[in-house]
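Q: Okay, handing you the structure first.
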Amino acid sequence: MTSNRKLKKENLVIIIPARLKSERLREKLLRKINNVPMILRVAKSAINYKLGDVYVATDSKKIFNLCIKNNVNSVMTQANIKSGTDRVFSAYKVLDKKFDFIVNLQGDLPIFKKELIEKTVNLFFDDKTDIASAVCNLENSEIRDTNIVKANVILDKKNEGFARDFVRVIKSKKNFYHHIGLYIYTPISLEKYVNLEQTSNEINRSLEQMRAIDNKMKIKVVKLKNNPPSVDTMEDLKKIRLLFKNNNS
């Protein structure tokens with residue numbers, strides 16, 4: 001493991017998997033928020049934070065051309081890739097550069113803070129960490145929402161802990177948190193993950209992190225105060241559009 005965990009440009013790469021087809025909201029990454037396509041908002045935010053190189057990994061010529069036109073690095077990947085993390089790995093191999101950390105940032109997080117990545121990557125101070133991710137408090141209204149992924153974890157005094165399970169449906173909030181769609185890997189853990197077969201839990205729950213859990217890979221999470229809203233439905237998109245309109249951003 002790398003001993004110096006300071007975030008430096010040469011140590012970290014952010015790769016945003018951007019599959020054009022989406023089940024709940026058609027071509028959502030191209031949906032405009034205050035006249036800016038969502039994928040560009042996410043990528044531009046990541047670039048502006050200056051945490052490391054940023055690339056969009058996509059199977060879509062539409063997204064690829066949009067990124068290149070707007071000075072966002074993009075990599076074409078195959079369409080038939082199992083998960084977002086597999087797409088990240090495919091792009092990482094194409095880049096053929098060495099990084100200490102590879103960040104899988106979701107393209108449907110148009111509002112996220114710099115600390116999301118900074119605090120999550122710091123979890124690698126614990127050398128038992130294979131994959132780093134983040135959670136926040138789960139609202140009562142989210143308990144029955146199957147679009148919200150819940151992480152089962154017992155947190156320590158630093159609000160950190162190893163995830164034990166990820167589910168969409170729960171009966172009680174005890175030891176469950178709202179999972180934020182961010183994963184950070186080392187090159188070794190990323191390659192290990194993609195070389196594993198998809199598990200039945202991953203397929204049945206449509207949760208790629210279950211491949212790691214089922215194969216005893218350690219996913220450490222940190223609890224953050226702020227929940228970066230994701231866009232999964234048209235209702236989510238309307239809320240985000242209104243928020244940006246009110247803030248004139």
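The values are calculated or read from the model by the stated rules, or taken from the named source; none is laboratory data. Predicted model, so just to flag it, every value in this text is computed and none were measured. Cβ atoms come from the backbone with ideal geometry, glycine included; neighbour counts cover every protein chain shown.
Q: Considering each of Thr146, Thr186, Thr199 in turn, give the residue that is touching a helix residue (DSSP H, G or I) at 6+ places or on another chain (Cβ under 6 Å) and among the polar types (S, T, N, Q). Show your work before the answer.
A: Working: Thr146 fails: touching a helix residue (DSSP H, G or I) at 6+ places or on another chain (Cβ under 6 Å); Thr186 fails: touching a helix residue (DSSP H, G or I) at 6+ places or on another chain (Cβ under 6 Å).
Only one candidate passes the filter, namely Thr199.
Q: Which residues, counting only those in the range 22-52, are over 16 Å from the mean Cα position of the chain (by Cα) and charged (D, E, K, R)?
A: Glu23, Arg24, Arg26, Glu27, Arg31, Lys32, Lys50
Q: Hey, can you tell me all the residues within the range 138-150 that are surrounded by fewer than 17 Cβ atoms within 10 Å (Cβ to Cβ) and not acidic (Asp, Glu)?
A: Listed by number, the residues that qualify are Asn140, Ser141, Ile143, Arg144, Thr146, Asn147.
Q: Is at least one residue of the range 50-58 without any contact (Cβ under 8 Å) to a residue 40 or more places away in the chain and either buried (at least 20 other Cβ atoms within 10 Å of the Cβ) or farther than 17 Å from Glu191 by Cα (or both)? Spell out how you get there, then give the answer.
A: Let us first name the residues in the range 50-58 that are without any contact (Cβ under 8 Å) to a residue 40 or more places away in the chain, namely none.
No, the conditions are met nowhere in the range 50-58.
Q: In addition: What strands (runs of 3 or more DSSP E) completely inside the range 149-249 contain at least 2 residues that are aliphatic (A, V, I, L, M)?
A: Working: elements: 150-152, 160-162, 165-167, 176-185, 219-223.
Those strands (runs of 3 or more DSSP E) span 176-185, 219-223.
Q: A further question on this structure: Looking only at the range 177-189, count every residue that is over 20 Å from Lys119 (Cβ atoms) and surrounded by 13 or more Cβ atoms within 10 Å (Cβ to Cβ) and tell me the total. Talk me through it step by step, then tell me what you get.
A: From the range 177-189, those over 20 Å from Lys119 (Cβ atoms) are 187-188; that's our starting set.
Cutting the leftovers down to surrounded by 13 or more Cβ atoms within 10 Å (Cβ to Cβ) gives us 187.
Final tally of qualifying residues: 1.
Q: When the range 200-249 is examined, which residues are found to be at negative phi and among the hydroxyl-bearing types (Ser, Thr, Tyr)? Spell out the reasoning first.
A: Start the filter on the range 200-249 by keeping residues that are at negative phi, which leaves 200-205, 207-215, 217-247, 249.
Scanning the range 200-249 gives Ser200, Ser230, Thr233, Ser249.
Q: Okay, next question. Does Ile68 satisfy the criteria of being surrounded by fewer than 22 Cβ atoms within 10 Å (Cβ to Cβ) and at pLDDT below 95? Reasoning before the result, please.
A: Working: surrounded by fewer than 22 Cβ atoms within 10 Å (Cβ to Cβ): yes; at pLDDT below 95: no.
Judged against the criteria, Ile68 is not a match.
Q: What residue, of Val121, Val153, Val135, is touching a Gly at 6+ places or on another chain (Cβ under 6 Å), crowded, with 22+ Cβ neighbours inside 10 Å and either in contact (Cβ under 8 Å) with a residue 12 or more places away in the chain or not small (Gly, Ala, Ser) (or both)?
A: Values: Val121 fails: touching a Gly at 6+ places or on another chain (Cβ under 6 Å); Val135 fails: touching a Gly at 6+ places or on another chain (Cβ under 6 Å).
Exactly one of Val121, Val153, Val135 is touching a Gly at 6+ places or on another chain (Cβ under 6 Å), crowded, with 22+ Cβ neighbours inside 10 Å and either in contact (Cβ under 8 Å) with a residue 12 or more places away in the chain or not small (Gly, Ala, Ser) (or both), namely Val153.
Q: Here is a follow-up. Take the residues in the range 33-42 that are without any contact (Cβ under 8 Å) to a residue 60 or more places away in the chain and not in a strand (DSSP E or B); name whichever of them is nearest to Asn246 (Cα to Cα). Explain how you work it out, then say what you get.
A: Taking the range 33-42 and keeping what is without any contact (Cβ under 8 Å) to a residue 60 or more places away in the chain, we get 35-37, 40.
Among the residues that remain, those that are also not in a strand (DSSP E or B) are: 35, 40.
On the way: Asn35: 14, Leu40: 20 Å.
For the range 33-42, the residue satisfying everything is Asn35.
Q: It is to be established whether one or more residues within the range 33-47 are closer than 23 Å to Leu123 by Cβ and modelled with pLDDT under 95.
A: No, every residue in the range 33-47 fails to be closer than 23 Å to Leu123 by Cβ and modelled with pLDDT under 95.
Q: While we're on this one: Among the residues of the range 124-131, is any in contact with a strand residue (DSSP E or B) (Cβ under 9 Å, 6 or more places away or on another chain) and part of a helix (DSSP H, G or I)? Spell out how you get there, then give the answer.
A: Initial filter on the range 124-131 (in contact with a strand residue (DSSP E or B) (Cβ under 9 Å, 6 or more places away or on another chain)): 124, 126, 128-131.
Imposing the further condition that a residue be part of a helix (DSSP H, G or I) reduces the set to 124.
Yes, the range 124-131 contains at least one residue that is in contact with a strand residue (DSSP E or B) (Cβ under 9 Å, 6 or more places away or on another chain) and part of a helix (DSSP H, G or I).
Q: Give me the residue from the range 1-23 that is surrounded by 12 or more Cβ atoms within 10 Å (Cβ to Cβ) and of a type outside the set (A, V, I, L, M) and, out of that set, modelled with the lowest pLDDT. If you could, list the steps in order and put the result at the bottom.
A: Residues of the range 1-23 that are surrounded by 12 or more Cβ atoms within 10 Å (Cβ to Cβ), as a first pass: 1, 5, 7, 11-20, 22.
Checking which are of a type outside the set (A, V, I, L, M) leaves us with 5, 11, 17, 19, 22.
Working: Arg5: 50, Asn11: 89, Pro17: 96, Arg19: 91, Ser22: 80.
Among them, the one singled out is Arg5.
Q: Oh, and also: Considering only residues that are in a loop (DSSP other than H, G, I, E, B), among the acidic types (Asp, Glu) and under 19 Å from Ile188 (Cα atoms), look in the range 59-102 and name the one that is farthest from the chain's Cα centre (by Cα).
A: Filtering the range 59-102 down to residues in a loop (DSSP other than H, G, I, E, B) leaves 59-60, 70-73, 77-83, 96-100.
This time we only want the ones that are among the acidic types (Asp, Glu), so: 59, 96, 100.
Those left that are additionally under 19 Å from Ile188 (Cα atoms): 96, 100.
Working: Asp96: 21, Asp100: 17 Å.
If we take residues in the range 59-102 being in a loop (DSSP other than H, G, I, E, B), among the acidic types (Asp, Glu) and under 19 Å from Ile188 (Cα atoms), then Asp96 is farthest from the chain's Cα centre (by Cα).
Q: Picking from Ser200, Ser206, which residue would you name as being at pLDDT below 95 and surrounded by fewer than 21 Cβ atoms within 10 Å (Cβ to Cβ)?
A: Working: Ser200 fails: at pLDDT below 95.
When all the criteria are applied, what remains is Ser206.
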